[in-house]
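One structure below.
The values are calculated or read from the model by the stated rules, or taken from the named source; none is laboratory data. All values derive from a computational prediction rather than experimental measurement. As a convention, Cβ positions derive from the backbone with ideal geometry for all residues, glycine included, and neighbour counts pool all protein chains shown.
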Amino acid sequence: MTARTAPRRLDARAEDFEASFAELLTAKRETAVDVNNDVAAIIAEVQAKGDDAVIACTNKFDRLNLEGPEDLRIPQARLDAAAAQVPSETLEALKLAAERIEAFHARQMPQSMSFTDEAGVELGHRWSAVDAAGLYVPGGTAAYPSSVLMNAIPARVAGVERVVMVVPTPDGVENPLVLAAARLAGVTEVYRIGGAQAVAALAHGTDTIAPVDKIVGPGNAYVAAAKRQVFGTVGIDMIAGPSEILVVADGENDPAWIAADLLSQAEHDPSSQSILITDDAAFADEVARAVASQLQQLSRQDTATASWHDFGAIITVPSLADAVPLVDRLAPEHLELAVTDPDALADRIRHAGAIFLGRYTPEAVGDYVAGTNHVLPTARSARFSSGLSVLDFMKRTSLVRCDADSLGRIGPAAVALADAEGLEAHGRSVSVRLNR
Ligand SMILES: NC(=O)c1ccc[n+]([C@@H]2O[C@H](COP(=O)([O-])OP(=O)(O)OC[C@H]3O[C@@H](n4cnc5c(N)ncnc54)[C@H](O)[C@@H]3O)[C@@H](O)[C@H]2O)c1
Ligand SMILES: N[C@H](CO)Cc1c[nH]c[nH+]1
Ligand SMILES: [Zn+2]
């Protein structure tokens, strides 16, 4: 792809709008690197050689000198020391975030239920947590402590007994903020491993690392491929793509605020996507100018500029109501409604990972301290999926109870269906209980 030098400008009244919008929807935002064979080989090695393979891969890819399995775990004392190293203001902010995330996710706890239907059959389901969850945290500067909280706290709230974290420490460099966040979220079992070998160890287990039931958290192409390959042996969360923000704003906003919102996600990744939809063409020009000026001041200027130019867009529509179908087609990870009546607009929108209502609700508040989860569906997958929640760490078991009377009422239909399917033993297991 040739690098663009400005974001796309689209006008819903223009004749070529549909073609331009379709191009925006399908713009390829990730260069898929095929690492599947390498990853399959690493997973097979870990399955065959356990700790030895994990140590060998870690020494090779992260340039460490681990000597034995006892070097894999980051001891509690180091988690404590990391927390002591973090500036108190940051630690307080992490604590506030953790409290709010926990309070919100506690309200997501599902209820078990049962009832007796008109045939006298008792039906219900009960929820229970997985036994163990593994949280992958990327190494180096790509790791966000806020993401540690967003992944670990819902697991704890769900009642997962064992929450394990893996985090590579390339060249031996630990990220104190990540370790402090883990400690705050109640994660005590932490290993200094990453990549496909970490995912394989979590999924299949080694002498040192007991297997988990679910693996969550972002990572590079090796991590994503490994998660896909171990799916089935364990559950996985979604594979998160580059961040996205869609802002619907009227002309009553301060263009500098909206520009900052657009850049808040552009600075994540050169493939992030930031889009403004507005009914005010003059305001659109002002936002474009504000973005250009704010870009100069960002330390991640190169990333944000690439993202804004290659995947950014400003769309003008005749009225805010015309934004609704466009939003649904984009199904963004984050949607900001910076308008006078955000609820009226939100009520009409069906597909978005998270909606931020009103001029004083910047998306970044959701990334950190609102309490809702910032692990959200990207790449239009909000059409069929939701953000991370306690439900991702739980599963549902159905409960059924018949007595002689109720089996007498529904059993004959079961026998008829078993007959129709040619499954004799099925039919008999019901019919032997009837008419006694
Ligand atoms: N979507 C999100 O919320 C989010 C948040 C933070 C980070 N991320 C993503 O996480 C990723 C972080 O990437 P990273 O590389 O810094 O850290 P990472 O932890 O994902 O990957 C590091 C590991 O990759 C493995 N690896 C590297 N080169 C390899 C090779 N040639 N062969 C086999 N294995 C190899 C190593 O085992 C190493 O430990 C980025 O892609 C970033 O976009 C996403
Ligand atoms: N916006 C990111 C998810 O799309 C999450 C994040 C972490 N830190 C800041 N932001
Ligand atoms: Zn963010």
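Residue check, residue 312 against (1) within 16 Å of ligand 1 (Cβ to nearest atom); (2) surrounded by 17 or more Cβ atoms within 10 Å (Cβ to Cβ), all met but one. Which one? Every listed condition holds for residue 312 apart from (1).
Looking only at the range 111-135, residues that are away from ligand 2 (no atom under 15 Å from the Cβ) and either under 30 Å from residue 205 (Cα atoms) or modelled with pLDDT under 95 (or both) come to 9 in all. Figure legend. Inter-residue proximity from the range 136-156: first residues over 20 Å from residue 394 (Cα atoms), second residues within 10 Å of ligand 2 (Cβ to nearest atom) and hydroxyl-bearing (Ser, Thr, Tyr), beta-carbon distance below 9 Å, spacing 6+ or different chains. Indicated pairs: 137/144; 137/147; 138/144; 138/147; 146/368.
Looking at this structure, is residue 149 of a type outside the set (Gly, Ala, Ser) and either away from ligand 2 (no atom under 16 Å from the Cβ) or not in a helix (DSSP H, G or I) (or both)? Considered against the rule, which asks whether it is of a type outside the set (Gly, Ala, Ser) and either away from ligand 2 (no atom under 16 Å from the Cβ) or not in a helix (DSSP H, G or I) (or both), residue 149 comes out as no. For the range 331-436, no helices (runs of 4 or more DSSP H) sit wholly inside it while including 2 or more residues that are loosely packed, with under 15 Cβ neighbours inside 10 Å, on the phi > 0 side of the Ramachandran plot and in contact with a Phe, Trp or Tyr (Cβ under 7 Å, 6 or more places away or on another chain). When the residues of the range 213-228 are filtered to those that are more than 16 Å from ligand 3 (Cβ to nearest atom), crowded, with 19+ Cβ neighbours inside 10 Å and closer than 23 Å to residue 390 by Cα, which remaining residue is nearest to the chain's Cα centre (by Cα)? So the residue we want is 216.
Of the residues that make up the range 346-355, is at least one charged (D, E, K, R) and within 16 Å of ligand 2 (Cβ to nearest atom)? Within the range 346-355 (the criterion being charged (D, E, K, R) and within 16 Å of ligand 2 (Cβ to nearest atom)), the answer is no, since none of the residues qualifies.
Counting the residues of the range 22-53 that are within 26 Å of the chain's Cα centre (by Cα) and modelled with pLDDT of 95 or more gives 9. Is at least one residue of the range 360-367 away from ligand 2 (no atom under 14 Å from the Cβ), within 30 Å of residue 252 (Cα to Cα), of a type outside the set (Gly, Ala, Ser) and in contact (Cβ under 8 Å) with a residue 12 or more places away in the chain? Yes, the range 360-367 contains at least one residue that is away from ligand 2 (no atom under 14 Å from the Cβ), within 30 Å of residue 252 (Cα to Cα), of a type outside the set (Gly, Ala, Ser) and in contact (Cβ under 8 Å) with a residue 12 or more places away in the chain.
For the range 382-392, state whether one or more residues are of a type in the set (Asp, Glu), closer than 30 Å to residue 339 by Cβ and under 44 Å from the mean Cα position of the chain (by Cα). No, the range 382-392 contains no residue that is of a type in the set (Asp, Glu), closer than 30 Å to residue 339 by Cβ and under 44 Å from the mean Cα position of the chain (by Cα). Checked against the criterion of being modelled with pLDDT of 95 or more and surrounded by 19 or more Cβ atoms within 10 Å (Cβ to Cβ), the candidates 240, 210, 200 yield just one match: 200.
For the range 152-173, the candidate set comprises residues that are closer than 19 Å to residue 199 by Cα and part of a loop (DSSP other than H, G, I, E, B); within that set, the residue that is farthest from ligand 3 (Cβ to nearest atom) is 160.
Only residues that are crowded, with 22+ Cβ neighbours inside 10 Å and more than 16 Å from ligand 2 (Cβ to nearest atom): list them for the range 318-330, please. If the condition is that a residue be crowded, with 22+ Cβ neighbours inside 10 Å and more than 16 Å from ligand 2 (Cβ to nearest atom), then 323, 327 are the ones that fit.
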